[in-house]
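Structure first, commentary second.
Since every read-out is calculated from the coordinates, none of them should be taken as a lab result. Computed from a predicted model, the values in this text were never measured in an experiment. Please note: Cβ atoms are built from the backbone with ideal geometry, for glycine as well, and neighbour counts cover all protein chains shown.
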Amino acid sequence: MNSYVTGAAIKGLREARGLTQAQLAGKLDVSDKTVSKWETGRGLPDITLMEPLSAALGVSVMELLSGDTVVNRNRSANLLRSKLYVCPICGNIIHTMGETVVSCCGVTLPALEAEEVDGAHRITMEPVEDEQFLVVHHPMTKAHFISFLAYVTSDRFQQVKLYPEGNAQCRFRFQGCGWLYLYCNRHGLMRQKV
């Protein structure tokens, strides 16, 4: 991520909105020469203009600063298109229903890519009443642990937060076909079809 908005980002977003430099300048109460300076790298917009500039360009401040617009193509609200993010600083777990720009603790987070569950992260399931009791056969030390388990179908998202020195187990009510996710703080996101 750039530390500040670039001229190329401003120009690209302005052109995508079909605005002239003069029209953008009018929305921000600055001169068209000022917008020209921003776009050619001979000046930068003041920090007080970030929110009005992002509003005029139809993007969030994060999108403006990164130079990338986010288009959520998840129009059918299918939760199987969910994205998961984990903050490496505080451990925050963030779930979105499509592409977005996510930031936590001052860090822009990438969407996690799930690998298939391997032998070191084996999950066993046992029916208990109308739920499944899941156990991940994995150490749960302060240095190496499973942070969460999630079960995702096209219309449901269930998540259980786990903690070091606790048990790597939980219960989910399985309804339909979906994916079971686990997040290991050392090996990342893994998934298994259920």
- [ ] May I ask you to list the lysines whose Cα is less than 21 Å away from that of LYS11, ignoring any residue fewer than eight positions away on the same chain?
- [x] LYS27, LYS33, LYS37
TODO: Sort out for me the Cα centre separation of region 90-122 from region 134-194, rounded to whole Å.
DONE: 13 Å
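Determine the calculated [θ] at 222 nm for the chain from helices alone, applying -39500 (n - 2.57) to every DSSP H run no shorter than 4 residues and normalising by the residue count; nearest 500 deg cm²/dmol.
On the way: 5 runs with 40 residues, N = 194.
Result for the chain: -5500 deg cm²/dmol, rounded to the nearest 500.
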Open item on the list: Charges on Cβ only, +1 for Lys and Arg, -1 for Asp and Glu, centred on the Cα centroid of the chain; of TYR85, LEU149, PHE174, which one is farthest towards the dipole's positive end?
Closed with: TYR85
TODO: Mark the label point 7 Å from the Cα of ALA120 along Cα→Cβ and return the residues of region 140-177 whose backbone N is within less than 12 Å of it.
DONE: 144-145
Open item on the list: I want the local charge near SER36. Using Cβ-Cβ distances under 14 Å, sum +1 for each Lys or Arg and -1 for each Asp or Glu among the other residues.
Closed with: +2
- [ ] Name the long-range amide H neighbours of CYS104: under 5 Å, sequence gap of 5 or more, or other chain; modelled H, no Pro or chain starts.
- [x] LEU109
- [ ] Return the FRET efficiency for the residue pair SER154, ALA55: r is the Cβ-Cβ distance, R0 is 30 Å, and the value is rounded to the nearest 0.05.
- [x] 0.30
Task: Cut-off under 5 Å, modelled amide H: who pairs with PHE174 long-range - done: GLN132
Open item on the list: Using the alpha carbons of the chain, what is the convex hull volume per residue in cubic angstrom, as a whole number?
Closed with: 133 Å³
